[in-house]
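Presented below is the structure to which this report refers.
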Amino acid sequence: MEWWVILLIVLGSILAAVLLLFILLFLVYIFNLDSKLLAHVQKWLQHFYDKRERNRHLE
């Protein structure tokens, strides 16, 4: 294979990966998926936080 064919394949692969990442991040932004995920994580963490034994004695 010629060197320029290999170069085009590598650059095309990089461009495709960048484009795929951009589309993925755009979908996360449009549907507000990061905040929705954090809301579920917060509920899950709150479940364990509420179970903790607390010292309620005032000194």
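The values are calculated or read from the model by the stated rules, or taken from the named source; none is laboratory data. Owing to the predicted nature of the structure, the values given are computational and were not obtained by experimental measurement. Counting neighbours? That spans all protein chains shown, and the Cβs are built from the backbone with ideal geometry, glycine included. What goes into the accessible areas is simple: the full protein's heavy atoms, side chains included, and nothing from ligands, DNA or RNA. Shrake-Rupley method; radii C 1.70, N 1.55, O 1.52, S 1.80 Å.
Answer yes or no: is there a residue in the stretch 44-55 that is loosely packed, with under 10 Cβ neighbours inside 10 Å and of a type in the set (S, T, Y). Among the residues of the stretch 44-55, at least one is loosely packed, with under 10 Cβ neighbours inside 10 Å and of a type in the set (S, T, Y), which makes the answer yes. L11 passes every criterion in (1) within 21 Å of the chain's Cα centre (by Cα); (2) hydrophobic (A, V, I, L, M, F, W, C); (3) modelled with pLDDT of 95 or more; (4) open to solvent by 90 Å² or more (accessible area, probe 1.4 Å) apart from (1).
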